[in-house]
Amino acid sequence: MNLKEQFINFFVKNGHVQIPSAPLIPENDPSVLFNTAGMQPLIPYLMGKPHPEGKRLCDYQKCVRLTDLDSIGDKTHHTFFEMLGNWSLGDYFKKESITYSFEFLTQVLNIPLERLAVTVFAGTENIPRDETSASIWQSLGISPDRIAYLGEEDNFWIAGETGPCGGDTEIFYFRSNDEIPQKFDPKDDRWVEIWNNVFMEFNKNADGTITELPQKNVDTGMGLERVVAVLEGVLDNYQTSIWQDVIAKIEELSHKSYNDAAPSMRIIADHVRTAVFISADYAGIKPSNTDQGYILRRLIRRAIRHAKKLEIDMNSDWLLEIAKVIIKKYENYYPEIKANQEIVLEVLKDEAAKFNRTLEKGLKEFSKLVSHLTTSEINKDEAFKLYDTYGFPIELTEELAKEHNLSVDTEGFKAKFKEHQELSRTASAGKFKGGLSSQGEIETKYHTATHLLNAALKIVVGPDVHQKGSNITSERMRFDFSCNHKLSEEEKEQAEELVNRWIMDDIPVTMETMSKADAISSGAEAMFIEKYADIVNVYSIGDVSKEICGGPHVKHTGELGKFKIIKEEASSAGIRRIKAILE
Ligand code: SER
């Protein structure tokens, strides 16, 4: 049994229900690109909403954190990782939580007591020092020398600026062969944190005040990659059983050994795994120049560049071969990896084909540039040419520059990039728009207009109208729906009028998070029911519309402006297509 299975077994045996990992691309929060912690999708339940699966939950959760992107290549960092977690939603608290962790570590994983130490919350002016946790640890056999009290900086946990939060107790493992010091020093990096138990009893409000939550919760998180390394006694995470076959594959493809090329091999292994998970997520992310799509592109292109550095045959299927090893490793744990493997392979293949066409020439251009350089900086125009003509993400140019002890005028590049973007947007719009609102805002408006149009068509054409697709740009919305006839002028006008009336009414748009089953039974419209996670967001526009949706949406329909249908046509058999604009 591997660690994931041991963890789930233990907590299920102790009355927890295993819940599936939430999607990597959050469905309710456009402010974050990826899910970064197991607790994120559980926020409404930590706040007091009853969870359909009960009060004791556990899972392994897909996470992507980008803060360490530049550190990938070393022994311990990853962009994607799995987090093991158990939760009490107003059920047990400190005593049981600490006891479960202790039992799991010492009895299931057989970690000797002398290798463990803990930190507990030292408290603040308003929150008392956590003597309770300290005495529970002591009662289990942890000596007072091995308990350190740390303040808010280290032992108070919150996911962002506001929301459920609380003091935590963190468990450390002594991972060195040196003699184990009697006294625990959290600054000594031979002690590594392996588990974090957060006692979420507070809520941080938007005005900065901290109030008590209606219930006391526990949220724990254990980083799988790190703990496996600890248990297997290696200092390099990429030498654990998690990575063995991936690294072996890269060695085989490059005819090099890991010891001679570890940093590039780690980058390839890490980035391909993350790219597989991002493109397998049901959000259907494809490589692009914005948001998650851009991260996906950067990861794939950086992996390709390092593969070239290792002299892997660019004309072979090397990338797909590595991806297949990863798919095989995870498909039994994550159904979307199995279901979407063809899509994943296609995404990788297409992006590699695109980049392969220009990589070689771009690298030549880069060498030429370096040999002619009279300063130690690559200027904005050169960086832009590498981006625009050769498809080098700016971060790739920066990385190449660094290898030659050069810097890049990234700020200048970004300004130029923006200028260029605005120019091409203006060109495609055919007129100057003055850039009053950002693209994101316009798209958000179109998104809400899509829900209104869907609702209007159900009234005008009939209740059998269902959304079959939608596509939004900053210029227009396109909406495909089930319908067997060409809309009459009258139907189009009526639909348009209805949408405009609802806009005039300035109806508030609200969002609720609930289980998929609750959403469906409450009558929420869903496009592809199987596509959604078990916990979904439901957007309501007064009583006009109710849909399962990832958002984002405007706050009030009054923000939309005037809605106008510009075209209605056939899309495919039984499906009509409307193009509409907001003026
Ligand atoms: N939320 C905490 C963390 O991410 C524990 O799950 O570490």
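What to note about this one:
- Any hit, the range 170-188, residues being at pLDDT 95 or above, within 16 Å of the ligand (Cβ to nearest atom), closer than 28 Å to Phe34 by Cα and not hydrophobic (A, V, I, L, M, F, W, C): yes
- The number of residues in the range 348-359 being of a type outside the set (A, V, I, L, M, F, W, C) and either closer than 14 Å to Leu396 by Cα or in contact with a Lys or Arg (Cβ under 6 Å, 6 or more places away or on another chain) (or both) comes to 1.
- Residue count for the range 73-86, restricted to those that are open to solvent by 10 Å² or more (accessible area, probe 1.4 Å), assigned to a strand (DSSP E or B) and away from the ligand (no atom under 12 Å from the Cβ): 1.
- Residue selected from the range 277-286 under the condition open to solvent by 30 Å² or more (accessible area, probe 1.4 Å) and at negative phi, by the criterion farthest from the chain's Cα centre (by Cα): Lys286
- Given (1) away from the ligand (no atom under 16 Å from the Cβ); (2) closer than 30 Å to Lys94 by Cβ; (3) not small (Gly, Ala, Ser), number of the condition Asp313 does not satisfy: (2)
- From the list Ile326, Ile322, the one residue that fits, being under 20 Å from His255 (Cβ atoms) and under 25 Å from the mean Cα position of the chain (by Cα), is Ile322.
- Test: residue in the range 98-117 that is in contact with a strand residue (DSSP E or B) (Cβ under 8 Å, 6 or more places away or on another chain), among the hydroxyl-bearing types (Ser, Thr, Tyr), at pLDDT 95 or above and within 19 Å of Asp168 (Cβ to Cβ): yes
- Any hit, the range 60-69, residues being under 28 Å from Thr444 (Cβ atoms), in contact with a strand residue (DSSP E or B) (Cβ under 8 Å, 6 or more places away or on another chain) and of a type in the set (Val, Ile, Thr): yes
- Entirely in the range 476-573, the strands (runs of 3 or more DSSP E) that have 3 or more residues that are open to solvent by 40 Å² or more (accessible area, probe 1.4 Å): 509-515, 563-572
- Residue count for the range 179-202, restricted to those that are out of contact with any helix residue (DSSP H, G or I) (no Cβ under 6 Å at 6 or more places or on another chain), β-branched (Val, Ile, Thr) and either in contact (Cβ under 8 Å) with a residue 40 or more places away in the chain or under 18 Å from Gly141 (Cβ atoms) (or both): 1
- Verdict on Asp189 being acidic (Asp, Glu) and more than 14 Å from Val118 (Cβ to Cβ): yes
- For the range 199-243, filtered to residues that are more than 30 Å from Thr76 (Cα to Cα) and β-branched (Val, Ile, Thr), the residue that is farthest from the ligand (Cβ to nearest atom) is Thr209.
A quick yes/no check of all residues on (1) of a type in the set (S, T, N, Q); (2) farther than 30 Å from Met265 by Cα:
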{"residue": "Ser21", "(1), (2)": "yes, no"}
{"residue": "Leu42", "(1), (2)": "no, yes"}
{"residue": "Lys75", "(1), (2)": "no, no"}
{"residue": "Pro112", "(1), (2)": "no, yes"}
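- Single residue of the range 195-221 satisfying the filter (among the aliphatic types (A, V, I, L, M) and at pLDDT below 95) that is nearest to Trp157 (Cα to Cα): Ile210
Quick grid of which residues meet (1) open to solvent by 30 Å² or more (accessible area, probe 1.4 Å); (2) out of contact with any helix residue (DSSP H, G or I) (no Cβ under 6 Å at 6 or more places or on another chain); (3) under 27 Å from Pro26 (Cα atoms):
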residue: Asp245; (1), (2), (3): yes, no, no
residue: Tyr258; (1), (2), (3): no, no, no
residue: Arg273; (1), (2), (3): no, no, yes
residue: Ile312; (1), (2), (3): no, no, no
residue: Asn315; (1), (2), (3): yes, yes, no
residue: Tyr333; (1), (2), (3): yes, yes, yes
residue: Ala339; (1), (2), (3): yes, yes, yes
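- Of the set (1) surrounded by fewer than 22 Cβ atoms within 10 Å (Cβ to Cβ); (2) more than 16 Å from Phe80 (Cβ to Cβ); (3) out of contact with any Gly (no Cβ under 8 Å at 6 or more places or on another chain); (4) touching a residue at least 24 places away in the same chain (Cβ under 8 Å), all apply to Lys354 but (3).
- Residue check, Gln6 in contact with an Asp or Glu (Cβ under 7 Å, 6 or more places away or on another chain), modelled with pLDDT of 90 or more and surrounded by fewer than 16 Cβ atoms within 10 Å (Cβ to Cβ): no
- Residue check for Tyr60: modelled with pLDDT of 90 or more, within 13 Å of the ligand (Cβ to nearest atom) and either surrounded by fewer than 21 Cβ atoms within 10 Å (Cβ to Cβ) or of a type in the set (Phe, Trp, Tyr) (or both): yes
- The combined condition, being within 22 Å of the chain's Cα centre (by Cα), acidic (Asp, Glu) and modelled with pLDDT under 95, is fulfilled by Asp70.
- Looking only at the range 28-39, and only at residues there that are modelled with pLDDT of 85 or more and within 13 Å of the ligand (Cβ to nearest atom), the one that is surrounded by the fewest Cβ atoms within 10 Å (Cβ to Cβ): Ala37
The values are calculated or read from the model by the stated rules, or taken from the named source; none is laboratory data. Keep in mind that this is a model prediction, so the values were computed, not measured. Positions of Cβ are generated from backbone atoms using ideal geometry, with glycine treated the same way; all protein chains shown enter the neighbour counts. Each accessible area value is taken on the protein alone, full model and side chains, heavy atoms only, with ligands, DNA and RNA left out. Shrake-Rupley method; radii C 1.70, N 1.55, O 1.52, S 1.80 Å.
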